[in-house]
1. Can you give me the number of residues within segment 55-103 that are part of a helix (DSSP H, G or I) and farther than 17 Å from E9 by Cα?
2. In segment 104-118, which residues are part of a loop (DSSP other than H, G, I, E, B) and over 31 Å from the mean Cα position of the chain (by Cα)?
Amino acid sequence: MGLFNKVTELSVLCKAKTALIVTSPDNKLYVCGYPNCDAVIQQYLTGKDIVEDGEKKKQEEINVETLRLEYEAIEDKLEEEKKNFEDIITNEKEKGDSIFPYWWDDSIDDMDLETLEEFTASLQNLRLNLGSAMDEKKLMFTFQ
């Protein structure tokens, strides 16, 4: 339901009146709107503003503003965390360490038989993939 989330996000961030109607392949209708789909469609068809209860509208505006502020705070925190993560990755690369160890470096001492068989199959698959990639590169190199 990403599309509905985007419509709601647009309504909250831009204080816009929105309506979205989606038809599924089996002809089911799904709607999403703010303040509500019917009111937005009615305003579009008639050209008249939506008449809302003053107290209800005021409370709704307060709720929307609160949600918008929360959203912006979370978005800022997400950007900060992304930057921190990028800094960690950069530092790990500079040190030569890896925050994400390669699966083929896992210790086999603690693996049971089934896990060892899966590990062996994965290594064989990796070997085949590497061989195919090398053959492809050699073939490309000979045609250049």
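1. If we filter segment 55-103 for residues that are part of a helix (DSSP H, G or I), which is where we start, we get 55-95, 103.
With farther than 17 Å from E9 by Cα added as a condition, the list becomes 55-59, 77, 79-95, 103.
The total comes to 24.
2. So in segment 104-118, the residues part of a loop (DSSP other than H, G, I, E, B) come out as 106-112.
Listed by number, the residues that qualify are S107, I108, D109, D110, M111, D112.
Each reported figure results from applying straightforward, stated rules to the coordinates on display, with no laboratory input. The model shown is predicted, which means the values in this text are computed figures rather than measured ones.
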